[in-house]
């Protein structure tokens with residue numbers, strides 16, 4: 001929690017200090033009221049007292065009450081502003097941290113968990129800071145100040161108050177011991193509820209197609225019931241606190257008046273009786289202040305364990321070490337342009353024992369088209385993901401324009417690349433905004449560039465049939481367009497960037513053969529000066545590539561043109577025969 005408070009700025013700390021000063025003033029005003037009440041009590045009991053004196057003390061009491069109210073309003077306003085600012089800063093820092101994490105690091109946290117940490121967990125922190133600036137400061141100050149005021153009144157009354165406080169603290173301690181371990185479980189269950197809900201929404205078509213609504217309902221019901229039961233247990237446990245507090249409060253008042261009656265009875269002089277009566281009224285008021293202070297602390301104790309769990313979950317992400325770090329190079333230092341070279345590259349995932357890629361070496365020159373093919377799990381996608389540094393190589397090096405990718409600043413490296421992912425990613429925006437997504441790191445992309453990119457990607461026909469054409473809104477995930485349309489818009493996004501190097505990670509799989517063929521021909525014309533790397537499953541997609549690399553179990557088992565591989569690479573030949581007949585292959589030759 002303390003680490004997160006460092007995200008407050010100087011202005012917020014100044015406001016927090018002002019809150020402390022105002023709270024101290026508020027406490028002083030509240031504790032001053034019983035003194036005026038005592039004066040009024042003595043004046044009422046004393047013969048010859050002036051009404052003006054009673055009214056004057058009453059006016060002082062009202063002034064104190066009004067001052068305390070104004071102070072409470074200001075503190076509440078400032079505390080809400082401070083907590084909201086902290087929430088904003090932490091949420092921003094957490095989002096930016098996730099943006100900087102490598103793919104392997106993000107996999108340590110589920111999507112649903114990251115969403116919960118960015119929303120619910122930060123809300124818990126915001127609540128406890130807002131309450132803390134008001135209650136956690138006020139409660140101990142009130143308790144200590146009130147205790148100092150009642151210590152010299154009567155050791156009997158003080159002892160009774162101490163017993164009440166000990167009982168209250170005992171109940172709070174037991175509750176904390178029972179409930180605190182369960183808050184961590186609650187946050188994990190919220191993660192699971194988010195996960196099941198997200199899974200159901202993203203897979204709604206499959207759920208309906210397989211009549212799996214009942215199955216999904218049972219999954220949700222299971223985790224939702226567990227969360228509900230856990231929350232009910234926690235709330236029931238804390239519900240013990242309120243009646244306990246009221247019992248202690250009322251019995252304490254009763255005990256003070258009961259012992260006070262005996263003390264007043266035993267007093268010999270009438271003036272002493274009046275003084276004792278006034279002290280009893282004041283003492284009971286201060287005793288209630290002490291009990292209420294501990295009750296306010298109990299409220300914070302109820303919130304603090306859960307917020308501490310939330311803080312730990314947030315810090316778990318913020319403290320994650322970034323393994324893929326920026327280089328220093330942000331300019332071209334070689335004459336090479338558009339080249340990609342792998343030198344004895346081997347790679348394994350951080351938690352894996354075996355290498356996924358072994359001793360990969362090849363070079364793609366400017367203007368060449370290099371294709372990668374192989375069975376599922378052979379490492380094709382992993383290989384090209386090493387170029388934009390989604391992962392870093394375990395051994396060897398990857399060079400872009402003759403420079404190790406680790407030496408580049410990631411922004412500069414990414415500006416050289418046009419990456420089209422295996423799964424088409426479409427954002428909640430218009431067609432134009434998706435194609436010029438984030439301006440692609442190269443400044444504003446013109447409308448003509450957007451239209452040209454869409455035309456090359458063979459998306460012009462369906463885009464211009466839309467109601468608002470290029471300004472048509474695409475739903476998050478592209479749920480209002482087909483898979484092939486999503487892929488074409490993803491390809492258009494890379495084309496609009498006009499990069500040195502295109503990386504297609506099985507990006508033509510959702511296209512029909514005709515569209516695939518036309519798109520590749522247009523792409524070849526448009527990108528003739530650029531280097532193209534293609535991962536594909538279809539022989540038809542890559543058979544015209546300048547060089548084809550065949551992967552099997554993470555190793556290159558063949559490389560060459562389509563014709564060469566048919567003659568000298570058995571793995572490639574088997575893949576080709578599984579997709580095309582001998583006659584078709586012969587025609588292709």
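The values are calculated or read from the model by the stated rules, or taken from the named source; none is laboratory data. Predicted model, so just to flag it, every value in this text is computed and none were measured. Quick reminder, even Gly has a Cβ in these numbers, built from the backbone with ideal geometry, and neighbours come from all protein chains shown.
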Take the residues in region 414-432 that are free of Cβ contacts under 8 Å to residues at least 40 places away in the same chain and surrounded by 16 or more Cβ atoms within 10 Å (Cβ to Cβ); name whichever of them is farthest from residue 491 (Cα to Cα).
414
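Residue by residue, here is whether (1) outside any helix (DSSP H, G or I); (2) within 42 Å of the chain's Cα centre (by Cα); (3) not assigned by TED's automatic domain parsing to the domain that holds residue 446 holds:
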position: 519; (1), (2), (3): no, yes, yes
position: 528; (1), (2), (3): yes, no, yes
position: 533; (1), (2), (3): yes, yes, yes
position: 558; (1), (2), (3): yes, no, yes
Just one of 445, 450 is surrounded by 17 or more Cβ atoms within 10 Å (Cβ to Cβ), outside the structural domain of residue 503 (by TED's automatic domain parsing), part of a loop (DSSP other than H, G, I, E, B) and touching a residue at least 40 places away in the same chain (Cβ under 8 Å); which is it?
445
Looking only at residues in region 337-374 that are modelled with pLDDT under 80 and out of contact with any helix residue (DSSP H, G or I) (no Cβ under 7 Å at 6 or more places or on another chain), which one is farthest from residue 557 (Cα to Cα)?
351
Would you point out which residue out of 546, 506 is surrounded by fewer than 20 Cβ atoms within 10 Å (Cβ to Cβ), outside the structural domain of residue 448 (by TED's automatic domain parsing) and either over 20 Å from residue 374 (Cβ atoms) or in contact with a strand residue (DSSP E or B) (Cβ under 8 Å, 6 or more places away or on another chain) (or both)?
546
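Residue-by-condition table, conditions (1) out of contact with any strand residue (DSSP E or B) (no Cβ under 8 Å at 6 or more places or on another chain); (2) more than 27 Å from residue 144 (Cβ to Cβ); (3) at pLDDT 75 or above:
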site	(1), (2), (3)
253	yes, no, yes
259	yes, no, yes
295	yes, no, no
328	yes, yes, yes
Kindly indicate whether residue 235 is under 30 Å from the mean Cα position of the chain (by Cα), surrounded by fewer than 18 Cβ atoms within 10 Å (Cβ to Cβ) and in the same structural domain as residue 112 (by TED's automatic domain parsing).
yes
How many of the residues in region 62-99 are under 27 Å from the mean Cα position of the chain (by Cα) and either at pLDDT 85 or above or surrounded by 14 or more Cβ atoms within 10 Å (Cβ to Cβ) (or both)?
23
Number of the exception - residue 478 against (1) over 30 Å from residue 377 (Cα atoms); (2) within 27 Å of the chain's Cα centre (by Cα)
(1)
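So that you can scan it fast, the table gives a plain yes or no per residue for (1) modelled with pLDDT of 85 or more; (2) buried (at least 16 other Cβ atoms within 10 Å of the Cβ):
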site	(1), (2)
496	no, yes
526	no, yes
538	no, yes
551	yes, yes
563	no, no
567	no, no
570	no, no
